[in-house]
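So the structure is just underneath, and the comments pick up after that.
The values are calculated or read from the model by the stated rules, or taken from the named source; none is laboratory data. Not measured: the values here are computed from a predicted model. Methodologically, a virtual Cβ is constructed for each residue, glycine included, from the backbone with ideal geometry; neighbour enumeration extends over all protein chains shown. Heavy atoms of the whole protein, side chains included, go into the accessibility calculation; ligands, DNA and RNA do not. Shrake-Rupley method; radii C 1.70, N 1.55, O 1.52, S 1.80 Å.
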Amino acid sequence: MSKKSREFRYMTEQEKFLRNLMSEHQVSQSDVAEHLGISEQAVNQQLLRLTPSRLKKLESIILTLSKKTDTD
């Protein structure tokens, strides 16, 4: 019986952009999930299935949450 090696998927440029934006602004997936009222897994799934409108929405949320943490 042979073992199958696991393949990794490549991140799209848009997903990289959002993940880097979250890192730069110190906003976690849990912060985004709390803001949207969904689970962290749901946020991760949204990042995996980006559409142009979802990209803009998540970018806006990340920047909004970043501003909130700057003022705290």
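Of all the criteria given as (1) surrounded by 15 or more Cβ atoms within 10 Å (Cβ to Cβ); (2) assigned to a loop (DSSP other than H, G, I, E, B); (3) among the polar types (S, T, N, Q), the one not satisfied by Ser5 is (1).
Restricting attention to segment 52-71, does a residue exist that is of a type in the set (Val, Ile, Thr) and open to solvent by 80 Å² or more (accessible area, probe 1.4 Å)?
Yes, that holds for at least one residue.
In segment 8-51, what residues are among the charged types (D, E, K, R) and in a helix (DSSP H, G or I)? Let's see the steps before the verdict.
Narrowing segment 8-51 to residues among the charged types (D, E, K, R): 9, 13, 15-16, 19, 24, 31, 34, 40, 49.
Matches in segment 8-51: Glu13, Glu15, Lys16, Arg19, Glu24, Asp31, Glu34, Glu40.
Any residue in segment 37-45 that is in contact (Cβ under 8 Å) with a residue 24 or more places away in the chain and surrounded by 11 or more Cβ atoms within 10 Å (Cβ to Cβ)?
We begin by selecting, within segment 37-45, every residue in contact (Cβ under 8 Å) with a residue 24 or more places away in the chain; these are none.
Among the residues of segment 37-45, not one is in contact (Cβ under 8 Å) with a residue 24 or more places away in the chain and surrounded by 11 or more Cβ atoms within 10 Å (Cβ to Cβ), which makes the answer no.
Residues of segment 13-30 that are open to solvent by 60 Å² or more (accessible area, probe 1.4 Å) and either aliphatic (A, V, I, L, M) or within 11 Å of the chain's Cα centre (by Cα) (or both): Gln14, Lys16, Phe17, Arg19, Asn20, Ser23. Here Tyr10 fulfils each of the conditions (1) touching a residue at least 40 places away in the same chain (Cβ under 8 Å); (2) open to solvent by 80 Å² or more (accessible area, probe 1.4 Å) apart from (1).
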